[in-house]
Every structure is written in structure tokens, then in C-alpha cells.
Amino acid sequence: MKLLVIGNPGNRRVTGFAEAWTRLAGSPAETLSWTDALSSDSMLSSRLDGVDVLRIESPGENWEVEKLLLARGSRQAELEGSAERISAKAALGMHEDRGRIRLQRQWFLGWEHALREIAAAVKMSGVWAPSPPLLIRGLFDKHWCRGQCELAGVPVPQLVGVLAGGLDEVLAAMK
């Protein structure tokens, strides 16, 4: 049985899963780096030939991948009129500011675009993805997740709305 992992080489989750796969399945896992997967639209389709199982690992903990996702999300962010956005060229030229969180909407749009491409390639190839790309996409959408929990009868906290007034406003709403 042949496994392909999309992930960041050297990442502890990618490495650990590949080692476990090799021990249990008796065959080595192949890895497709997120940088390669995001840099070429045809890369994934060509790598799925002969693959039985596709594992999708987190794109996190890699600055080059972050930039590629921001670049992918730039066009959609522009189309939807996101207040905070940068061009694909500007995204690719960014310098790492470790720990800084920015452009979350644009990043999500790039991530969503990548997962939709992976879903299309999986559908065409017939490869089994235990964590389907569109389900992964949904798990990053907190409103969708909340709705799914409510539909399943899982208790969820009451929404407090959009709070922009700072910590005091958040604490008052939580009471």
C-alpha cells in the first residue's frame, strides 16, 4: 500500500507519521512538501499516480509555506474587498516576523484554495484521504464547526457577537 503525505519535510508530525507508517505497513511513506504542492498546480496530480492513501498534514511552522498561502489568497481577498490584504507579489516578498499574526482572512482564503485543488485531484485519482480536504477546510471555519456541533446536539456556548472594545468588553459579555 502506497502513502503520500503532503506536509513540511522535517516537521515532527510528518516525520512521526512516516516512521509509524513504515513500521506498520512495511513500506516507506512518500512526502510532497507544501512548498512544492503550492508552487505547481500539476504537482499533486502527477504525484498521486499509484498512491493508495493521501495524508494531509498541517502547513504550519514553515514561513515559505505561509507566504505561498498568503499569495494564493490575495486575489480572492481582493475580490471580496477584505480590508486588510496585500498582493501576491508583496506576500512572497515578506520577511518573517516570528510570532506575529496577520492577514488571517487572506491566509484562510489561500488555504481554502489549496484544499479545493487537493479535493479535485483526490476525486479524479480515486485516492483515499482519511481526512478529506473539504472537511479539513470546514474545521478551519469556526462558524461551520459550531453549526455542525449544534446539528449533532453537542452543547456549544452562546455567541456574544463581535467585540472590538477590548478585554473589558469581552469579560462583560462573558458574564
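The values are calculated or read from the model by the stated rules, or taken from the named source; none is laboratory data. None of these values were measured; they are calculated from a predicted model. With ideal geometry, Cβ positions are generated from the backbone for all residues, glycine too; neighbour counts draw on all protein chains shown. All accessible areas refer to the heavy atoms of the entire protein, side chains included, with ligands and DNA or RNA removed. Shrake-Rupley method; radii C 1.70, N 1.55, O 1.52, S 1.80 Å.
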Quick one: accessible area per residue over the chain, 1.4 Å probe, rounded to a whole number of Å²? 62 Å²
Sites matching chymotrypsin sites (Phe, Trp or Tyr not before Pro) across the stretch 83-175 that sit in DSSP coil, with at most 14 neighbouring C-beta atoms within 10 Å: 140
For helix 63-79, what angle does its Cα long axis make with the longest principal axis of the chain, in degrees from 0 to 90 and rounded to 10? 60 degrees
How much length is gained if the chain between residue 63 and residue 116 is pulled fully straight, taking 0.36 nm per residue apart and subtracting their Cα-Cα distance, in nm to one decimal? 16.9 nm
The FRET efficiency for residue 12 and residue 39, from their Cβ-Cβ distance with R0 = 22 Å and rounded to 0.05, is 0.40
How large, in percent, is the carbon and sulfur part of the accessible surface of the stretch 43-175 at a probe radius of 1.4 Å? 56 percent
On the principal axes of its Cα set, how long, how wide and how thick is the chain? Give whole Å, largest value first. 56, 44, 29
Rank 71, 21, 113 by how far each Cα sits towards the positive end of the charge dipole of the chain (+1 on Lys, Arg Cβ; -1 on Asp, Glu Cβ) and give me just the farthest. 21
Kirkwood hydrodynamic radius of the stretch 1-105, from inverse mean 1/r over distinct Cα pairs, in Å: 15.3 Å
With a cut-off of 11 Å, note down the residues of the stretch 28-66 whose backbone N falls inside the zone around a label point 7 Å from the Cα of residue 22 toward its beta carbon. 28-30
Ranking 140, 130, 58 by how far each Cα lies towards the positive end of the charge dipole of the stretch 40-175 (+1 on Lys and Arg Cβ, -1 on Asp and Glu Cβ), the top one is 140
